[in-house]
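Only one structure is covered here, and it is reproduced in the block below.
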Amino acid sequence: MALIAPSLLSADFLNLQKDCDMLNASEADWFHLDVMDGRFVPNISFGFPVIEPVCKATTKTCDVHLMILEPGNYAEAFQKAGADILTVHYEACAHLHRNLQQIRSLGMKAGVALNPHTPVYLLSDILQDIDLVCIMSVNPGFGGQKFIPQTLSKIAELKKMITDKNLATLIEIDGGVTLENAPSILAAGADVLVAGNTVFKSADPTATIAALKKL
């Protein structure tokens, strides 16, 4: 059964408590929190003043996705803010192994995100040190984009790598996930579905989460 991680990037920021309460009462497994710095991606989202109260408001896993440069400078602060999983971008880390060691030494699970143009085989030598691989199925920076079909073959390739190495690494898909394409994403081998607009822009977000959970 897939883990469902609604992305708060699509939440109503004037009513964030209401949306957090909805997620807490729903079948959602994780809170997905996207941090953007305006440098690594062409957008700015939110940081510690939002993440800390959100993490305090839930007992569910807080899955923090850093779309920022020099993530190592902030790992400890994100741990203090309540992150359970901290994901850094392969493309932003010149010394990825060091970044992963740092995250794990702080007691968090370590994730690596891949942009659409980045092949999964680049993780082959470090996969055993990764708890979660986040495959970006849109170009990072903005919500509401369409799913890139090539992502399905990347999922299948990564799943084979994980299976061949007998690892427990999770595959997370972030971007353009809908009720329509989620079955094919899961069939390819994904474990975690990040859903933003699909959840928060639906008429009944709780029911949409439940529908994704049933797939």
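Values quoted throughout were computed directly from the atomic coordinates according to the rules given, and no laboratory measurement underlies them. Computed from a predicted structure; not experimentally measured. For neighbour counting, all protein chains shown are included, and Cβ atoms are generated from backbone atoms with ideal geometry for every residue, glycine included.
Between 57, 190, 11, the residue with the greatest mean-square fluctuation in the GNM of the chain (Cα pairs under 10 Å linked by springs) is 57. The charge dipole of the stretch 1-86, taken about its Cα centre with unit charges on the Cβ atoms of Lys, Arg (+1), Asp and Glu (-1) only, comes to about 120 debye.
Cβ under 15 Å from residue 169's Cβ, residue 169 left aside: what net charge do those residues give with Lys, Arg +1 and Asp, Glu -1? Each step should come with its number before you reach the end.
Working: positive: 104, 109, 154, 159, 160, 165; negative: 63, 125, 129, 131, 157, 164, 172, 191.
Result for the neighbourhood of residue 169: -2.
In the chain, the DSSP-assigned H stretches of four residues or longer account for a calculated mean residue ellipticity at 222 nm of -9500 deg cm²/dmol, using -39500 (n - 2.57) per stretch and the full residue count as denominator. Each Lys and Arg contributes +1 and each Asp and Glu -1, all at the Cβ; summed about the Cα centre of the stretch 3-214, the dipole is approximately 160 debye. Of interest is the spacing of the C-alpha centroids, which for the stretch 1-25 and the stretch 137-215 amounts to 17 Å.
Taking every C-alpha pair closer than 8 Å and separated by at least 6 residues, the mean separation divided by the residue count of the chain gives a relative contact order of 23 percent. Highest GNM mean-square fluctuation among 122, 100, 23, for the chain modelled with Cα contacts below 10 Å: 122.
Compute the signed sum of charges (Lys and Arg +1, Asp and Glu -1) over the other residues within less than 12 Å, Cβ to Cβ, of residue 114.
On the way: positive: 154; negative: 91, 157, 172, 174.
Every neighbour counted, the sum reads -3.
The length gained on full extension between residue 48 and residue 202, counted as 0.36 nm times the residue separation minus their Cα-Cα distance, comes to 52.7 nm.
Other residues within the sphere of radius under 15 Å centred on the Cβ of residue 37, judged by their own Cβ, net out at -2 (K and R +1, D and E -1). Set the Cα radius of gyration of the stretch 3-214 against 2.2 N^0.38 Å, with N its number of residues, and you get 0.94. Partner lysines whose Cα lies under 23 Å from the Cα of residue 159, excluding those fewer than 8 positions away in the same chain, are identified as 109, 146, 213, 214.
Take every Cα pair under 8 Å in the stretch 121-215 that's 6+ residues apart, average their separations, divide by the length, and report that relative contact order as a whole percent.
Working: 123 pairs, mean separation 27.5, N = 95.
29 percent.
I need the trypsin sites (Lys or Arg not before Pro) found in the stretch 58-167, filtered to DSSP loop residues with at most 13 other beta carbons within 10 Å of theirs.
Details: sites: 60, 80, 98, 104, 109, 146, 154, 159, 160, 165; in loops: 60, 146, 165.
Sites meeting the loop and neighbour criteria: 146, 165.
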